[in-house]
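Chemist: Got a structure for you, questions after.
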Amino acid sequence: MNEVYQLFKGLSNKPLEDGCYAADYVPFARQHKIGVSSEGYPTFFIKASGKDKALDITLEFIKVLFNRTCRLIENDEVREMDGYAIISMSASNVDYQKYFIDVVCILLHELPDNVTIKILKAELMKIADLFSNLSKPSKKTLQGLWAELFIIEQAKSPEYLLHAWHTSPNDKFDFNDGRDKIEVKSTRTVRRVHKFSLEQLHPNLNSNLLVASVFVIETGQGKTIFDLKDSICKKVSDLGLQYRLNEVIVQTLGFDFDKVNDISFDYQQALDTLAFYDFRDIPSIAIENIPESISNIHFDCDLSAVQTIYDKHLDISGSSLFKSMQL
C-alpha cells in the first residue's frame, strides 16, 4: 500500500491543467490507475466492463463517477481513455489521503480481473459509506480504541479477534464470538479503576467473560492508533479482515480521525500493565438486589486487589476466544 502512496506523491509534483490527471499504473493491478487531480487529491481510475448504468455518488469527502472518459498524463503524454470508474477523495489532510489509498488498494486486490460495473458499484458504495463516517461523532475515545487495538495486536490469533470485534454502541462487550466475551477496560490514572455497567459483569448463563485491564498513558514517544493498525495488518494476511480493521477504525473515530497521528500512548507501559480478570472475581452488585424500577446502573471498581487469571490459574483451554489471546 505504501508503494501506491509513494506513486501518488511522485505524481503530485507534475503541473496539471483543469480536467486533466497525472496517472500511473497500480503495480499489482495494471488495468487500474492511481492519479492526482489538479487540486492535488488522490484519484483512482478503475477499469470496468459491461454497459450497466450506475448513478454517480457525491459525498462530502468522496466522489464516484461511472463510465467516464479521462484525460490522463502518462509519461508526459496526454491520452484520452474511456470505460473507467473514477473514485477520488477531496481532502488535503495527509492521514485521510493515506487511509483512502490503503482502503481502495485493498478493494483492488480483491476485485476480479474483469470486474463489471454492477459489482464495482457495490464495492465502491462500501467505500463511500465508510468515509461518510468522517463527518460523524466518534463512538469511543482515542484511548478506548487504542486499548482495543492493543489487545488485537498482542493476540496469538488477531484474525479471530477481528472476527469477534463488536463496535456498535449497543454492544455490551468489545469482543464476542457468540459464546464467550472479552471486555477491554483502560485507565490513564495511576490506579486500576474502571467503570462497569451492571450488565457487563453479568453475561448470559453459558458464557464466560474475561476483563482485560490496561494502563493507557498519553506520551510524546509512543505508538499511535495507526501504528497499531499497521502492526496488526502485518500479522493478518486476509484482505477482508484488513478492510474490516480499517472500516471499524473510521466508523469509531468519526470526525476525531484527524487527531490520530497527533496522539501517542506508552506502548511499554501498556505491555507491563496488561492483566486479565475472571468476571466472577470482580466485585459487583447482585441483580436480585436491584429493584425492577431501577436500570442503567454503572459504577467504578478498583481491581488492584482482585486476583488475575494468572494468580488463580484459570483454565481457559475450552474457549476459542480466550485461546486466541496471548494468555
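The values are calculated or read from the model by the stated rules, or taken from the named source; none is laboratory data. Keep in mind that this is a model prediction, so the values were computed, not measured. Backbone-built Cβ (ideal geometry, glycine too); neighbour counts: all protein chains shown. Heavy atoms of the whole protein, side chains included, go into the accessibility calculation; ligands, DNA and RNA do not. Shrake-Rupley method; radii C 1.70, N 1.55, O 1.52, S 1.80 Å.
Chemist: Could you compute how fast the stretch 18-138 diffuses translationally, taking Rh as the Kirkwood radius over C-alpha pairs and applying Stokes-Einstein at 4 °C with viscosity 1.567 mPa s? Give it in µm² per second.
Modeler: The diffusion coefficient I find is 89 µm²/s.
Chemist: Calculate the spin-label point distance for Glu39 paired with Met125, positioning each point 7 Å from the Cα along the beta-carbon direction, and give it in nanometres.
Modeler: With each label point 7 Å from Cα toward Cβ, the separation is 2.5 nm.
Chemist: So for each of 307-319, 40-52, 121-133 I average, over its residues, the number of other beta carbons within 10 Å; can you give me the resulting order with the highest mean first? Intermediate values should be presented prior to the final figure.
Modeler: On the way: 307-319: 13.1, 40-52: 19.5, 121-133: 17.6.
Per-residue Cβ counts within 10 Å, averaged per peptide and sorted highest first, yield 40-52, 121-133, 307-319.
Chemist: Compute from the Cα atoms of the stretch 243-318 the Rg and the Dmax, the latter being the longest Cα-Cα distance, and quote both in angstrom.
Modeler: 18.5, 46
Chemist: Separation between the Val78 and Leu205 pseudo-spin-labels, each 7 Å from Cα along Cα→Cβ, expressed in nm?
Modeler: 7.5
Chemist: Continuing with the same structure: Using a 7 Å offset from Cα along Cα-Cβ at Thr58, what residues in the stretch 132-174 end up with backbone N under 20 Å from the label point?
Modeler: It comes to 132-135, nothing else.
Chemist: Quick one: putting +1 on the C-beta of Lys and Arg, -1 on the C-beta of Asp and Glu, what dipole do you get for the stretch 179-229 around its Cα centre, in Debye to the nearest 20? Numbers along the way, then the final one.
Modeler: Working: 9 positive and 5 negative charges, 23 e Å.
Dipole about the Cα centre, nearest 20: 100 debye.
Chemist: Beyond 22 Å, what share of the Cα-Cα pairs of the stretch 136-209 remains, rounded to the nearest whole percent?
Modeler: The answer is 25 percent, as a whole percent.
Chemist: Find, among the GluC sites (Glu not before Pro) in the stretch 20-106, those assigned to loop by DSSP (not H, G, I, E, B) with at most 15 other beta-carbon atoms within 10 angstrom.
Modeler: In loop regions of the stretch 20-106 (DSSP not H, G, I, E or B), the sparsely surrounded GluC sites (Glu not before Pro) are Glu39, Glu60.
Chemist: I would also like to ask the following. Note down the magnitude of the dipole of the chain about its Cα centre, charges +1 on Lys and Arg C-beta and -1 on Asp and Glu C-beta and zero elsewhere, to the nearest 20 debye.
Modeler: 320
Chemist: Which of the listed residues, Ala29, Ile119, Leu108, is farthest toward the dipole's positive end in the chain, when Lys, Arg count +1 and Asp, Glu count -1 at the beta-carbon?
Modeler: Ile119
Chemist: While we're on this one: For a quick protection proxy, order the peptides 149-157, 194-202 by their average other-Cβ count within 10 Å, most packed first. All intermediate terms of the calculation are to be shown ahead of the outcome.
Modeler: Values: 149-157: 21.3, 194-202: 16.8.
With the highest mean Cβ count within 10 Å placed first, the list reads 149-157, 194-202.
Chemist: Farthest toward the dipole's positive end in the chain, which of Gly50, Val94, Ile285, given Cβ charges of +1 (Lys, Arg) and -1 (Asp, Glu) about the Cα centre?
Modeler: Checked the options; the winner is Gly50.
Chemist: Which value in Å is the Kirkwood Rh of the stretch 181-314 over different Cα pairs? Present the calculation step by step, with values, prior to reporting the outcome.
Modeler: Numbers: mean 1/r = 0.0580 Å⁻¹.
Roughly 17.3 Å, rounded to one decimal.
Chemist: With no solvent and one point per C-alpha, what does the Debye sum give as log10 I(q)/I(0) for the stretch 122-163 at q = 0.18, 0.30, 0.34, 0.35 Å⁻¹?
Modeler: -0.75, -0.89, -0.98, -1.01
Chemist: Give the value in nm², to one decimal: projected area of the alpha carbon convex hull of the stretch 159-253, averaged over all directions. Spell out each step's value before the answer.
Modeler: Numbers: hull surface 29.2 nm².
For the stretch 159-253, averaging the hull's shadow over all directions gives 7.3 nm².
Chemist: For Asn114 and Ile316, what does the FRET efficiency come to when R0 = 41 Å and r is the distance between their Cβ atoms, rounded to the nearest 0.05?
Modeler: 0.30
Chemist: How much accessible area per residue does the chain have, counting only protein heavy atoms and a probe of 1.4 Å, in square angstrom?
Modeler: 49
Chemist: Please give the charge dipole size of the stretch 57-201, origin at the Cα centre, charges +1 on K and R Cβ atoms and -1 on D and E Cβ atoms. Round to the nearest 20 debye.
Modeler: Here the size comes out at about 840 debye.
Chemist: Report the extension gain between Asn261 and Ser12 in nm, rounded to one decimal, defined as 0.36 nm multiplied by the number of residues separating them, less their alpha carbon distance.
Modeler: Here the answer is 87.4 nm.
Chemist: Where Rh denotes the Kirkwood radius from the mean inverse Cα pair distance, what is Rg over Rh for the stretch 96-178?
Modeler: The Rg/Rh ratio comes out at 1.02.
Chemist: Going Cα to Cα from Lys14, which lysines come in below 29 Å? Please leave out same-chain ones fewer than 8 positions away.
Modeler: Lys33, Lys47, Lys63, Lys98
Chemist: Can you tell me the FRET efficiency between Lys156 and Asn93 if r is taken as the Cβ-Cβ distance and R0 is 51 Å, rounded to the nearest 0.05?
Modeler: Here the calculated transfer efficiency is 0.90.
Chemist: On the accessible surface of the chain, probed at 1.4 Å, how many percent belong to carbon and sulfur atoms?
Modeler: Heavy-atom surface of the chain belonging to carbon and sulfur, 1.4 Å probe: 46 percent.
Chemist: If you take the alpha carbon radius of gyration of the chain and divide it by 2.2 N^0.38 Å, what ratio comes out, to two decimals?
Modeler: So the Cα radius of gyration is 1.17 times the expected 2.2 N^0.38 Å.
Chemist: Using Cα positions and a limit of under 18 Å, work out the aspartates and glutamates in reach of Lys181, with same-chain residues fewer than 8 apart set aside.
Modeler: Cα-Cα hits under 18 Å: Glu148, Glu153, Glu159, Asp171, Glu199, Asp278, Asp281, Asp315.
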